[in-house]
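Okay, structure first, notes after.
The values are calculated or read from the model by the stated rules, or taken from the named source; none is laboratory data. None of these values were measured; they are calculated from a predicted model. So basically every Cβ, Gly included, is an ideal-geometry build from the backbone, and we count neighbours across all protein chains shown. Ligands, DNA and RNA are stripped out before the accessible areas are found, and what is left, the full protein with its side chains, is counted by its heavy atoms. Shrake-Rupley method; radii C 1.70, N 1.55, O 1.52, S 1.80 Å.
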Amino acid sequence: MAITNTKMKIVFTVILLAVMLAAPMFLSEFRLSLLGKFLCYAIIAMGLDLIWGYTGILSLGHGVYFGLGAYCMAMHLKLVASHGELPDFMSWSGVDKLPWFWAPFQSAGVTLLLAILVPVAVAFVLGYLTFRNRIKGSFFAILSQALVIITVTLFVGQQGYTGGTNGLTNFETFLGMNVGEPSTKLIFYYITAFVVIGTLILCQWMVSSRLGKILVAIRDAENRVRFIGYNPVTYKVFIYCFSAALSGLAGILFVLQEGIVSPAQMGIVPSIEMVLWVAIGGRGTVYGAVLGAVITNSAKTSFSEAYPEWWPIILGAMFIVAVLFFPKGLVGTIQDYCEKWGLYPFKKSNLLNSSSSLAKYTEMQSDKEPAHTTK
């Protein structure tokens with residue numbers, strides 16, 4: 001009996017939720033903390049997959065949006081830990097007054113809001129200026145890396161305001177809960193797990209809707225989308241900002257669990273690694289982004305523990321093998337085999353080779369709507 005696409009997604013989601021909820025019963029406190037961090041990375045990967053896998057926008061600077069969200073939360077935690085006084089690193093750097101841009105982070109509610117809005121604002125400025133001028137491909141990737149260099153340099157140089165290379169740490173409480181207590185870490189882990197499931201369902205709904213079809217059409221033939229009356233800039237800016245919001249959300253959860261953030265976590269290397277998570281898991285598959293982030297980082301941790309001198313070489317070899325022999329990633333390869341065996345009738349619009357679905361979709365839209373309208 002053939003298994004439908006929807007049933008497979010429901011089964012996978014239920015299994016993923018069950019595994020995450022049961023993990024605290026089998027993992028030590030240290031391993032559970034690592035899993036919580038990997039789940040934060042999975043949120044970033046899903047957002048990155050929306051813009052790269054479905055829309056064709058390769059961003060090598062998503063570490064910036066992750067770092068901005070993380071710093072916003074860290075600033076609030078640092079102010080709470082300072083008990084109304086200046087944070088310690090400011091005193092050491094000669095700052096004698098709390099900077100004006102730190103003041104809003106005294107409120108937890110405002111902090112959570114800004115941790116999402118600040119990355120979205122930066123993404124909107126970069127996305128609108130570049131997409132409006134039809135800058136894409138490798139040119140956009142270079143611009144996103146330039147954003148990383150500028151941001152990291154700024155955060156490292158302004159030590160009196162950002163903590164410099166050391167970043168922000170030594171947090172105590174959040175909403176009255178001691179962030180160092182095992183019970184609090186367990187709460188943060190469960191919150192992260194439910195956020196991952198919620199994000200997974202939301203992203204899957206988006207790519208399965210009319211919006212998802214338009215994003216795939218933009219990826220495969222942007223000019224055709226423009227000719228049938230849609231404005232690709234609007235959709236590209238929206239999905240890019242939404243992806244940045246997910247990265248900011250991941251930054252919030254990361255700081256609550258890890259208790260530290262530094263400029264190194266928003267650098268070029270972490271930003272490139274985020275792309276590798278999506279590539280290994282399966283570009284153009286939301287579930288692949290989740291698996292790619294968790295599996296890649298788990299392998300990285302395991303190799304570094306077992307082979308401290310050789311693990312970078314082993315990890316690099318794994319990336320090379322994945323790109324050469326599994327170009328569609330883990331999930332994409334499994335999908336191909338299942339389709340070949342008649343076990344899983346996939347919808348081609350969600351895979352990389354979707355030219356046939358694009359043709360059908362554009363033809364349908366041309367019949368429904370006049371070509372002169374712009375949406």
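Before moving on, here are some points about what is shown:
- In the chain, the calculated helix contribution to ellipticity at 222 nm averages -24000 deg cm²/dmol per residue, counting -39,500 (n - 2.57) for every DSSP H run with n ≥ 4.
- Once the C-beta distance of A146 and F319 is scaled by a Förster radius of 22 Å, the resulting FRET efficiency is 0.35 to the nearest 0.05.
- Under 5 Å between amide hydrogens, built in the peptide plane, is the criterion, and for L58 it picks out G137 among residues at least 5 positions away or on other chains.
- Summary of the geometry: the range 208-266 and the range 1-73, compared by the centres of their Cα atoms, lie 15 Å apart.
- Contact order, relative form, for the range 230-311: 13 percent (alpha carbon pairs under 8 Å, 6 or more residues apart, mean separation divided by residue count).
- Axial C-alpha extent at least 27 Å, average Kyte-Doolittle at least -1.0 - helices from the chain (DSSP): 5-26, 29-49, 62-82, 108-132, 138-157, 182-208, 232-258, 286-306
- Dimensionless Rg/Rh of the range 282-331 - Kirkwood Rh, Rg from C-alpha atoms: 1.02
- Counting only protein heavy atoms and a probe of 1.4 Å, the accessible surface of the range 1-151 is 72% carbon and sulfur.
- According to the Cα-based calculation, Rg over Rh for the range 82-186 is 1.06, with Rh computed by the Kirkwood formula.
- Each eigenvalue of the Cα gyration tensor of the range 1-87, multiplied by 5 and square-rooted, gives one semi-axis; in descending order these are 33, 23, 10 Å.
- Cα-only Debye scattering, the range 25-154: base-10 log of I(q)/I(0) at q = 0.09, 0.11, 0.19, 0.21 Å⁻¹: -0.37, -0.54, -1.14, -1.23
- Amide hydrogen neighbours beyond the local backbone of F174, cut-off 5 Å, H modeled: V179
- Among the listed pairs K78/K300; K300/K340; K236/K328; K78/K136; K136/K213; K37/K340, those with a Cα-Cα distance over 28 Å are K78/K300; K300/K340; K78/K136; K37/K340.
- Solvent-accessible area per residue, Å², over the range 262-306 with all protein chains present [probe radius 1.4 Å]: 30
- Averaging 1/r across all pairs of distinct Cα atoms in the range 206-352 and inverting the result yields a Kirkwood radius of 17.6 Å.
- Value of relative contact order over the chain, rounded to a whole percent, pairs C-alpha under 8 Å and six or more apart: 31
- Under the criterion of Cα pairs below 8 Å and six or more residues apart, the relative contact order for the range 128-207 equals 9 percent.
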